[in-house]
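The values are calculated or read from the model by the stated rules, or taken from the named source; none is laboratory data. In this text, all values refer to a predicted model and were calculated from it rather than measured experimentally. Every residue, glycine as well, gets a Cβ built from its backbone with ideal geometry; the counts of neighbours run over all protein chains shown.
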């Protein structure tokens with residue numbers, strides 16, 4: 001399996017950011033790490049081993065990036081306005097740096113990029129795909145929470161609102177983005193119902209999407225399925241070939 005690591009100084013974040021690429025070709029899939037982890041977390045937890053056959057067959061080409069959660073939502077030493085501002089900068093880094101890099105690397109402008117993440121990474125995967133459906137056309141959000149207000153200590157401003165799917169989706173009526181979400185996007189929301197899972201959060205997101213006429217698949221795994229890496233490895237092994245069936249050998 002081919003792996004390349006790229007690094008560049010991000011003008012939006014004011015720091016160097018690494019990115020790992022796995023594979024030669026296939027549907028581009030942007031992976032967000034859990035909590036405060038880094039761009040090689042999925043590799044360390046054997047996700048790439050589980051997906052190796054799909055990567056080598058050209059079904060998927062994976063781009064795995066760093067989080068900045070320690071500099072934003074998970075830094076309780078910062079005022080919530082600073083946490084939210086850092087999140088907004090991260091969103092711009094994804095939109096204006098990572099997405100163009102992926103399109104250039106795939107040699108295909110407008111290819112349609114997928115997102116995925118587990119736990120806190122699911123929030124980023126959802127926020128990215130739902131805010132930018134003109135660029136990101138597929139989402140696999142695993143075991144996530146999609147309302148960021150619990151990290152804001154009662155504070156609220158535009159940076160919170162526009163990075164909180166449970167808020168901005170509720171009021172979305174845009175003639176450009178809403179049709180894209182309704183007719184272009186493939187949205188999978190999945191969760192276990194075992195230890196440390198919060199399945200009601202996935203139900204809430206799916207319910208909100210459906211109330212806006214946005215199709216999505218809510219996949220509730222069993223009460224023996226815990227909030228842990230074996231769950232997420234199993235989910236990706238199922239969803240990647242299901243969603244990316246048009247890629248790979250004919």
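When you scan the stretch 205-239, how many residues do you find that are more than 19 Å from residue 123 (Cα to Cα) and buried (at least 17 other Cβ atoms within 10 Å of the Cβ)?
Looking only at that region, the number is 1.
Somewhere in the stretch 60-68, is a residue over 24 Å from residue 145 (Cβ atoms) and touching a helix residue (DSSP H, G or I) at 6+ places or on another chain (Cβ under 8 Å)? Step through it out loud before you land on a result.
As a first pass, look at the stretch 60-68 and keep what is over 24 Å from residue 145 (Cβ atoms): 60-61.
Add one more test, that the residue is touching a helix residue (DSSP H, G or I) at 6+ places or on another chain (Cβ under 8 Å), and what stays is 60-61.
Scanning the stretch 60-68, I find at least one residue that is over 24 Å from residue 145 (Cβ atoms) and touching a helix residue (DSSP H, G or I) at 6+ places or on another chain (Cβ under 8 Å), so the answer is yes.
Do we have residue 87 as surrounded by fewer than 20 Cβ atoms within 10 Å (Cβ to Cβ), modelled with pLDDT of 95 or more, out of contact with any helix residue (DSSP H, G or I) (no Cβ under 6 Å at 6 or more places or on another chain) and over 23 Å from residue 61 (Cα atoms) here?
no
For the stretch 91-110, does any single residue satisfy the condition of being modelled with pLDDT of 95 or more, touching a strand residue (DSSP E or B) at 6+ places or on another chain (Cβ under 6 Å) and at positive phi?
No; the residues of the stretch 91-110 include none that is modelled with pLDDT of 95 or more, touching a strand residue (DSSP E or B) at 6+ places or on another chain (Cβ under 6 Å) and at positive phi.
Is it the case, given these coordinates, that residue 144 is on the phi > 0 side of the Ramachandran plot and assigned to a loop (DSSP other than H, G, I, E, B)?
no
With assigned to a helix (DSSP H, G or I) and in contact (Cβ under 8 Å) with a residue 12 or more places away in the chain as the only criterion, which of 218, 208, 172 stands out?
Exactly one residue qualifies, and that residue is 208.
Only residues in the stretch 22-51 that are farther than 15 Å from residue 116 by Cβ count as the first member; pair them with residues that are in a helix (DSSP H, G or I), Cβ under 6 angstrom, at least 6 apart or cross-chain, and list the lot.
Matching pairs, first to second residue: 35/120; 36/69; 36/70.
Hey, among 9, 24, which residue is assigned to a strand (DSSP E or B) and either over 14 Å from residue 99 (Cα atoms) or at pLDDT 95 or above (or both)? Working first, answer last.
Details: 24 fails: assigned to a strand (DSSP E or B).
The unique qualifying residue is 9.
Just to check your reading of the model, which residue among 107, 75 is surrounded by fewer than 21 Cβ atoms within 10 Å (Cβ to Cβ), free of Cβ contacts under 8 Å to residues at least 40 places away in the same chain and closer than 24 Å to residue 14 by Cβ?
75
Can you confirm whether residue 122 is crowded, with 16+ Cβ neighbours inside 10 Å, farther than 27 Å from residue 197 by Cβ and touching a residue at least 24 places away in the same chain (Cβ under 8 Å)?
Answer is no for this residue.
Looking at residue 96, is it part of a helix (DSSP H, G or I) and within 27 Å of residue 147 (Cα to Cα)?
yes
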